[in-house]
Amino acid sequence: MRRVRVKWFGVFEGDVFIPVDASPEKRVELLESVVDGDPSPLIEYAGDDVEVVFEHLPVEGEDYGYPPSLLRDILFELGRRRISQSVGVEESIVNAVNAIDELDDAINVLYARLRNWYGLYHPELYDAVDMEEYIGRIAADPFRRGEDSVGVALPPEDLEALSLLARTALTLVEERERLASYLERRMRSAMPSLSEVAGPMLGARLLALSGGLRRLATMPASTVQLLGAEKALFRHLRTGRPPPKHGVIYLHPLVQSATPRERGKVARALAAKIAIAARVDLFGGEPVGKKLREELERRFGRSPG
């Protein structure tokens, strides 16, 4: 087997220099192989029957007509490629779920303000409808209330200001629904197994908390079970208080429907299935989410929703 040594501008077989292809793409590939210690891009330069050695050679690119400015340009291109490769669907999913949380916070703040302000005029409405209908009623017709209402009279300009505020909140509610639909589509397309077991929204939250699909897939199930419960876990370690049974996976219908005594067991089983699903999605295996979900249903005798 022939033995070759590699530099960013070409390879050496003994004293023979084999230059890299002149195209920028090939030069970046060669530099990338040096950075990663991966010999596969070198095969087309040196042939199949070679042993590639990454070691220091006392030669410089300038000795062979390759100026430092060329190395700088190649490094810039390699950096651009690495940044481009590192930004993918996971980043979009994490940003989307964080945006949904921020919209929820904004909606809740506006809803509380509407309750406090409009409640002066029509206090009975709060107990009669849910949040979205409450906001919609004020946006559509803030003057409407029953004749027997115990609320105080507000001037028309106040009620018109309330209507405008409600329309702003309603716009945020609608945007939140659109963003949630987008997130569900992206999750089911990119991570079908995780979406089937955890649900698209919870799966996205687990991605955000873990730092990405690879991190989630390599975590033990016990760590997945406690994602989102870090404060409670540290409190347990510091004070000796009872440890948490679950983190954000408490939002899963299967855990919520369990009795308090069995929630820990359900959370452990669910975390184990989530870990398996994440690994399947990471390595591109055939989706197994439906099978894993059905196993949970059979074991605990109920549908996780």
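Residues checked against (1) modelled with pLDDT of 95 or more; (2) closer than 15 Å to residue 176 by Cα; (3) among the hydroxyl-bearing types (Ser, Thr, Tyr); (4) touching a Pro at 6+ places or on another chain (Cβ under 9 Å):
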residue: 66; (1), (2), (3), (4): no, no, yes, yes
residue: 71; (1), (2), (3), (4): no, no, no, no
residue: 75; (1), (2), (3), (4): no, no, no, no
residue: 79; (1), (2), (3), (4): no, no, no, no
residue: 87; (1), (2), (3), (4): no, no, no, no
residue: 95; (1), (2), (3), (4): no, yes, no, no
residue: 100; (1), (2), (3), (4): yes, yes, no, no
residue: 104; (1), (2), (3), (4): yes, yes, no, no
- residue 175 vs (1) touching a residue at least 40 places away in the same chain (Cβ under 8 Å); (2) touching a Pro at 6+ places or on another chain (Cβ under 7 Å): all pass except (2)
- Working only within region 153-171, note down all residues that are surrounded by 13 or more Cβ atoms within 10 Å (Cβ to Cβ) and either outside the structural domain of residue 141 (by TED's automatic domain parsing) or small (Gly, Ala, Ser) (or both). 161, 163, 166, 169
- Every residue from region 120-143 that is of a type in the set (D, E, K, R) and assigned to a helix (DSSP H, G or I): 127, 132, 133, 137
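The values are calculated or read from the model by the stated rules, or taken from the named source; none is laboratory data. As the structure is a computational prediction, the values presented were derived from the model and not from experiment. Every residue, glycine as well, gets a Cβ built from its backbone with ideal geometry; the counts of neighbours run over all protein chains shown.
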